[in-house]
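Structure first, commentary second.
The values are calculated or read from the model by the stated rules, or taken from the named source; none is laboratory data. Every value quoted in this text rests on a predicted model; they were computed, and no experiment measured them. Quick reminder, even Gly has a Cβ in these numbers, built from the backbone with ideal geometry, and neighbours come from all protein chains shown.
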Amino acid sequence: MRSAGALDLAEQRMRPCRVSVVVITRDRGDEAARTAALLATLPERPAVIVVDNGSTDGTPDRVRSLAPSAAVLEAGRNLGGAARNAGVAHASTPYVAFSDDDSWWAPGSLARATALLDDHPSVGLICARVLLGPEERLDPICRIMAASPLPRPDGMPGPCLAGFVACASVVRRGAFLEAGGFDQRLGVGGEEELLAIDLLSRGWHLVYADEIVAHHHPSKVRSRTLRRSNLTRNALWTAWLRRPAFPALGASCRLGWAALQDPPERRGLAAAVAGAGWVARQRRVIGPGVEAQLRLLS
């Protein structure tokens with residue numbers, strides 16, 4: 001007689017696929033191919049869509065070789081986090097999970113995420129517990145999400161959020177498209193905050209689900225200084241794109257003061273100022289309900 005766990009895995013293999021996984025990558029062919037191959041072996045058998053951000057190291061061919069079942073989309077240039085938009089547009093499933101080329105999903109987690117989204121139609125996005133590196137350390141951000149002070153309506157499957165970790169999230173495809181996806185100007189590094197606010201503004205709930213697990217083995221092929229710069233720039237842009245003047249000014253003061261102490265963050269501050277014209281043209285202030293949630297987190 002087979003165990004209950006074995007039966008669950010067998011059932012997952014027989015069910016029609018209702019979730020796709022979109023992986024974005026750039027110039028990390030071995031990691032992208034490894035991740036795509038791992039995702040293809042999950043018991044849920046998700047559709048795997050790899051979006052290449054204009055790699056020059058043969059990443060698309062490497063992925064096709066090691067993960068032939070994956071769909072590979074070539075953007076031809078670096079779209080940053082917004083490359084996920086192309087993957088979501090390509091997907092035909094109601095739910096889409098995100099991975100980076102150095103992250104993947106634990107077996108069974110996508111099935112649990114699908115069930116939660118099925119059972120909670122007002123939830124637009126679920127963020128998973130993130131385990132870092134071979135030692136599987138809990139990502140510190142998970143403790144923050146688990147302790148979210150935001151109100152939790154009755155029946156919500158986890159703490160409510162106003163942000164998420166892109167490479168550990170499963171989104172309702174319709175909600176993602178309705179909110180407009182990721183903004184290409186934000187690149188990679190804090191690009192999630194603007195989309196989170198836009199989802200909340202449309203009435204969707206974002207929740208943290210500790211029982212859903214994503215693995216993240218941060219790549220050594222990355223620029224930490226560029227990421228810090230982008231985090232500062234994107235936080236400033238997001239504040240002025242969506243928040244009322246007073247809280248946006250407060251965020252600017254906090255971020256500006258911190259940037260004075262760190263050269264990469266100073267570069268981010270300068271880039272934010274350089275984009276002020278675009279921000280002014282695109283500014284759309286959120287309603288008081290969403291702003292109240294952001295104030296709670298502040």
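Computed quantities for the displayed model
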{"quantity": "Any chance residue 285 is in contact with a Pro (Cβ under 7 Å, 6 or more places away or on another chain) and farther than 26 Å from residue 25 by Cα", "calculated": "yes"}
{"quantity": "Enumeration of residues in the stretch 63-77 that are surrounded by fewer than 23 Cβ atoms within 10 Å (Cβ to Cβ) and not in a strand (DSSP E or B)", "calculated": "64, 65, 66, 68, 69, 70, 75, 76, 77"}
{"quantity": "Single unsatisfied condition, residue 162 versus (1) over 21 Å from residue 45 (Cα atoms); (2) touching a His at 6+ places or on another chain (Cβ under 6 Å)", "calculated": "(2)"}
{"quantity": "Selection within the stretch 145-159 - free of Cβ contacts under 8 Å to residues at least 60 places away in the same chain and within 20 Å of residue 213 (Cβ to Cβ)", "calculated": "147, 156, 157, 158, 159"}
{"quantity": "Leading residue by the ranking (surrounded by the fewest Cβ atoms within 10 Å (Cβ to Cβ)) among those in the stretch 239-298 that are closer than 21 Å to residue 148 by Cα and among the β-branched types (Val, Ile, Thr)", "calculated": "286"}
{"quantity": "Qualifying residue in the stretch 202-211 (condition: crowded, with 18+ Cβ neighbours inside 10 Å and more than 25 Å from residue 20 (Cβ to Cβ))", "calculated": "no"}
{"quantity": "Yes/no for residue 80 being in contact with a strand residue (DSSP E or B) (Cβ under 9 Å, 6 or more places away or on another chain), assigned by TED's automatic domain parsing to the domain that holds residue 22 and surrounded by fewer than 16 Cβ atoms within 10 Å (Cβ to Cβ)", "calculated": "no"}
{"quantity": "Failed item, numbered, when residue 131 is tested on (1) over 23 Å from residue 41 (Cα atoms); (2) surrounded by fewer than 21 Cβ atoms within 10 Å (Cβ to Cβ); (3) within 16 Å of the chain's Cα centre (by Cα); (4) not polar (S, T, N, Q)", "calculated": "(1)"}
{"quantity": "Candidates 224, 254, filtered to the one that is modelled with pLDDT under 95 and within 16 Å of residue 273 (Cα to Cα)", "calculated": "254"}
{"quantity": "Residues of the stretch 176-197 that turn out to be more than 16 Å from residue 275 (Cβ to Cβ) and surrounded by fewer than 21 Cβ atoms within 10 Å (Cβ to Cβ), as a count", "calculated": "4"}
